[in-house]
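Contents: one structure, followed by commentary.
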Amino acid sequence: MPLRLLRYLVVLFSRVGTCLAQLPDTYKTVDRVTWVVGNIDKVRPAWEAMGLSDIVEYPNIQLTGQFRGKPVTSYG
């Protein structure tokens, strides 16, 4: 029984250091969140209910890139 208690205490005290760690300032603010959805009209009410504001819709977006070394274009 004492060995089990000792193991428990070692684990407990090793975790204390991780609880005291601080996030760098870079991660304390959010500049923007980007979601790509199929139908913004379905998700907008939920976003607004969560308190999100300044929701911007960008219709007819053209994305270009590469897939397996070949150029591709996607329209949203």
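Within the range 46-67, residues that are open to solvent by 90 Å² or more (accessible area, probe 1.4 Å) reach partners that are in a strand (DSSP E or B) with beta carbons closer than 6 Å, at six or more positions or on different chains, in the pairs 62/75; 63/74; 64/73.
Every condition in (1) modelled with pLDDT of 85 or more; (2) touching a Phe, Trp or Tyr at 6+ places or on another chain (Cβ under 9 Å) is met by residue 61 except one, and the failing one is (1). When the range 11-44 is filtered for residues that are open to solvent by less than 100 Å² (accessible area, probe 1.4 Å), at pLDDT 80 or above and under 20 Å from the mean Cα position of the chain (by Cα), the ones remaining, listed by number, are 24, 37, 38, 40, 43, 44. Looking at the range 45-60, can you tell me whether even one residue there is outside any loop (DSSP other than H, G, I, E, B) and touching a strand residue (DSSP E or B) at 6+ places or on another chain (Cβ under 8 Å)? No, the range 45-60 has no match at all.
Considering each of 8, 75 in turn, give the residue that is more than 21 Å from the chain's Cα centre (by Cα) and surrounded by 10 or more Cβ atoms within 10 Å (Cβ to Cβ). Steps first, answer last, please.
On the way: 75 fails: surrounded by 10 or more Cβ atoms within 10 Å (Cβ to Cβ).
One residue alone meets the criteria, 8.
Somewhere in the range 57-76, is a residue in contact with a helix residue (DSSP H, G or I) (Cβ under 6 Å, 6 or more places away or on another chain) and β-branched (Val, Ile, Thr)? There is no residue in the range 57-76 that is in contact with a helix residue (DSSP H, G or I) (Cβ under 6 Å, 6 or more places away or on another chain) and β-branched (Val, Ile, Thr).
The values are calculated or read from the model by the stated rules, or taken from the named source; none is laboratory data. For clarity, every value in this text was computed on a predicted model and none was experimentally measured. Don't worry about glycine lacking a Cβ; one is built from the backbone with ideal geometry, like all the others, and counts go over all protein chains shown. Heavy atoms of the whole protein, side chains included, go into the accessibility calculation; ligands, DNA and RNA do not. Shrake-Rupley method; radii C 1.70, N 1.55, O 1.52, S 1.80 Å.
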